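Working notes for the structure below.
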Amino acid sequence: MGTDITLTADDGHGLGAYRADPGGAPKGGIVVIQEIFGVNVHIREVCDGFAADGYLAVAPALYDRSSVKDCNLGYTPDDIAIGRDLRDEFSWDDTVLDIKAAVDLLHDGGLKVGTVGYCWGGTISYLAGVRLPIDAAVVYYGGQIMPYVEERENCPLLMHFGERDQGIPLSDVEAIGKAHPEAEIHIYDADHGFNCDHRGAHDAAAASQARQRTMALFARQLGHTSRP
């Protein structure tokens, strides 16, 4: 269903991306933001799923700023170690630039745009929601929001967290809710990475409920109406 494309960020950096188009006119645009594992098989499947629901989905290859192009990692301990090393090479500002390149592509097509990110990408989706001109931002277990928690959102925020996630204290989730009282925040009886059906932590019930809520937000905020 999808194709590989190239984006250009405002600083001139060229990066790859995976683009999945719906069968008809898009209802809106969704920027899908990777975990630490690159634009891998799972992220491509996520894009394809949004396209099947009528949205044009684009997943920027954020690791293209590193020496590792077209990064496609799995979920073994070795893959996790590689992903963490790659993640640590990046500044948040660079990642926002690369997300903006995808947002601009969708805006140029006349679409309203939402972002959705997972783990590392969850924090980046939050940053998109407070720094970029988008219409909705969805966060799946973004664990590094706290340093930026006082930044004000530009759009509705929807956040999904796992109660058994050892990497994100529930006290942080509570603090995020206090800083963003208008945000919709849900806590599931699940672990970190519960959305990914390639991981042992996958929880089908939590993933299904979170996706229903995510799609409801996108239906409200993106819809069929083009941007002016």
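Taking (1) aromatic (Phe, Trp, Tyr); (2) at pLDDT below 95; (3) closer than 17 Å to Gly2 by Cβ in turn, Phe50 satisfies each apart from (2). Every condition in (1) within 17 Å of the chain's Cα centre (by Cα); (2) modelled with pLDDT of 95 or more; (3) within 27 Å of Gly29 (Cβ to Cβ) is met by Gly162 except one, and the failing one is (3).
Which pairs have Cβ atoms under 7 Å, sit 6 or more apart or on different chains, and link a residue in the stretch 84-101 that is within 10 Å of Ala128 (Cα to Cα) to one that is among the charged types (D, E, K, R) and surrounded by 12 or more Cβ atoms within 10 Å (Cβ to Cβ)? Between residues of the stretch 84-101 that are within 10 Å of Ala128 (Cα to Cα) and residues that are among the charged types (D, E, K, R) and surrounded by 12 or more Cβ atoms within 10 Å (Cβ to Cβ), the close pairs are Val96/Arg131. Where strands (runs of 3 or more DSSP E) sit wholly within the stretch 1-96, those with at least 1 residues that are crowded, with 23+ Cβ neighbours inside 10 Å and in contact with a helix residue (DSSP H, G or I) (Cβ under 8 Å, 6 or more places away or on another chain) occupy 14-20, 29-33, 56-60. Which of the residues spanning the stretch 175-195 are basic (Lys, Arg) and in contact (Cβ under 8 Å) with a residue 60 or more places away in the chain? Selection gives nothing.
The values are calculated or read from the model by the stated rules, or taken from the named source; none is laboratory data. Everything quoted here is computed from the prediction, not taken from an experiment. Every residue, glycine as well, gets a Cβ built from its backbone with ideal geometry; the counts of neighbours run over all protein chains shown.
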